[in-house]
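The values are calculated or read from the model by the stated rules, or taken from the named source; none is laboratory data. These numbers were taken from a predicted model, which means no experiment stands behind them. Note that each Cβ is placed from the backbone with ideal geometry, even for glycine, and that neighbours are counted across all protein chains shown.
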Amino acid sequence: MTGVHAPGRTARALAEAAVRFPDVVELSSGAFGTLGTPVRGGRISGVTVRDDHVEIGVVVKYGRPLPEIATELRRDLAALAGGRVVHVSVEDVVAGLDDGTHASG
């Protein structure tokens with residue numbers, strides 16, 4: 001696969017777009033660290049690109065219904081997925097980040 005359909009390039013584009021989403025605090029590689037795409041020089045954590053789908057793990061701000069956030073993410077990221085189905089997993093919810101800062105760790 002080449003171009004925008006290459007797994008590394010797709011993962012990077014999805015990761016960059018996901019963290020710009022207002023409700024997303026950060027990406028998450030999941031409870032067992034399995035969400036990630038290997039790329040030259042490392043790994044893009046929080047996004048797994050498969051032949052027919054992508055999985056994106058996120059930590060979100062407390063406040064909005066989780067299914068609503070996941071639906072909006074799925075819809076907005078679909079254009080970057082290279083025709084793959086987008087699966088969004090909310091891995092954690094963080095309260096008290098009204099000032100726009102990101103969680104660490």
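So, in the range 84-105, of the ones that are exposed (fewer than 13 other Cβ atoms within 10 Å of the Cβ) and more than 16 Å from the chain's Cα centre (by Cα), which residue ends up modelled with the lowest pLDDT? Across the range 84-105, the extreme among qualifying residues is G105.
Candidates in the range 11-24 are the residues that are over 15 Å from E72 (Cβ atoms) and in contact (Cβ under 8 Å) with a residue 24 or more places away in the chain; of these, the one that is surrounded by the most Cβ atoms within 10 Å (Cβ to Cβ) is A11.
Of all residues in the range 62-70, none satisfies being among the small types (G, A, S), at pLDDT 95 or above and buried (at least 20 other Cβ atoms within 10 Å of the Cβ).
Of all residues in the range 78-105, those that are closer than 18 Å to G36 by Cα and part of a loop (DSSP other than H, G, I, E, B) have Cβ atoms under 9 Å from Cβ atoms of residues that are aliphatic (A, V, I, L, M) and at pLDDT below 95, 6 or more apart or on another chain, in G82/M1; G82/V4; G82/A6. State whether one or more residues within the range 39-55 are acidic (D, E), within 15 Å of R84 (Cβ to Cβ), at pLDDT 95 or above and touching a His at 6+ places or on another chain (Cβ under 6 Å). Yes, the range 39-55 has at least one match. What are the residues in the range 31-76 that are over 25 Å from A95 (Cα atoms), free of Cβ contacts under 8 Å to residues at least 24 places away in the same chain and basic (K, R), if any? R43 - this is the single residue of the range 31-76 that is over 25 Å from A95 (Cα atoms), free of Cβ contacts under 8 Å to residues at least 24 places away in the same chain and basic (K, R).
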